[in-house]
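Q: The structure follows.
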Amino acid sequence: MLKLVSTQPDAPAELISQHIADHAPAIALSALGTINGNVNYDSMKVTVTEHLHEWWKLSVPSGSPDDHYESTYWYLIHLLESLEEHELLGNNFMQYKVSSAAQFLLGIGERQEKMQGIRP
C-alpha cells in the first residue's frame, strides 16, 4: 500500500543520522574504488540505488540536511546518480569532486566549501 510522505510522522533525527552514518562509508568507498578501478561502475550504481531504496523507506521529506556531513553525503549521492560511467572515469574534475566528498565522509579529507547537498 502506498503511503504519502506528508501523512507519515517525521522520522526522528537520531534515525536519520544513524542511517547516514551507516551508509556514507560504503558509498564513499565504492566511489573511490570505482575511480581507482577496484570497483565496477555498475556495482557502485547498485550500492547507491540500494541506499536510496532504504532511504525512501524512512519516509523523510526532502529538504535541508541537519549538518555538513549529511549535506556532503547528499552532494556525493547526487553526483554519483547524475554521472554516466564515461563522465566519471574520463573527467579529472569530476573525479576530484567525487574523491573530495568521499574522503571527507571517510574522515581523511577536508570538506570543500561548495559541497552542498539536499535530501531527495
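The values are calculated or read from the model by the stated rules, or taken from the named source; none is laboratory data. These figures come from a predicted structure and were not determined experimentally. Every residue, glycine as well, gets a Cβ built from its backbone with ideal geometry; the counts of neighbours run over all protein chains shown. Ligands, DNA and RNA are stripped out before the accessible areas are found, and what is left, the full protein with its side chains, is counted by its heavy atoms. Shrake-Rupley method; radii C 1.70, N 1.55, O 1.52, S 1.80 Å.
Q: Which whole-Hz couplings ³J(HN,Hα) result when phi for each residue of region 34-40 is put into the Karplus expression 6.51 cos²θ - 1.76 cosθ + 1.60, θ = phi - 60°, listed in order with x for Gly and Pro?
A: 5, 4, 7, x, 9, 10, 5
Q: Further question on the same structure: What part of the accessible area of region 25-83, given as a whole %, is carbon or sulfur when the probe is 1.4 angstrom?
A: C and S atoms contribute 53 percent here.
Q: Rank Trp74, Trp56 by accessible area, highest first, at a 1.4 Å probe radius?
A: So, going from the largest accessible area down, we get Trp56, Trp74.
Q: Spelling out what I want: for every residue of region 19-26, take phi, set θ = phi - 60°, compute 6.51 cos²θ - 1.76 cosθ + 1.60 (Karplus), and round to whole Hz; glycine and proline get x.
A: 4, 5, 4, 6, 9, 4, x, 5
Q: Points 7 angstrom from Cα along the Cβ direction at Phe93 and His68: gap in nanometres?
A: 2.5 nm
Q: Same structure again: Taking amide H positions as placed 1.01 Å from N in the peptide plane, with prolines and chain starts having none, which residues 5 or more places from Gly109, or on another chain, fall under 5 Å of its amide H?
A: Placed amide hydrogens put Phe104 under 5 Å from Gly109.
Q: So, one more: Highest GNM mean-square fluctuation, the chain, Cα pairs closer than 10 Å: which of Thr49, Thr34, Thr72?
A: Thr49
Q: Suppose R0 equals 41 Å; then what is the FRET efficiency for Glu85 and Leu58 from their Cβ-Cβ distance, rounded to the nearest 0.05?
A: 0.90
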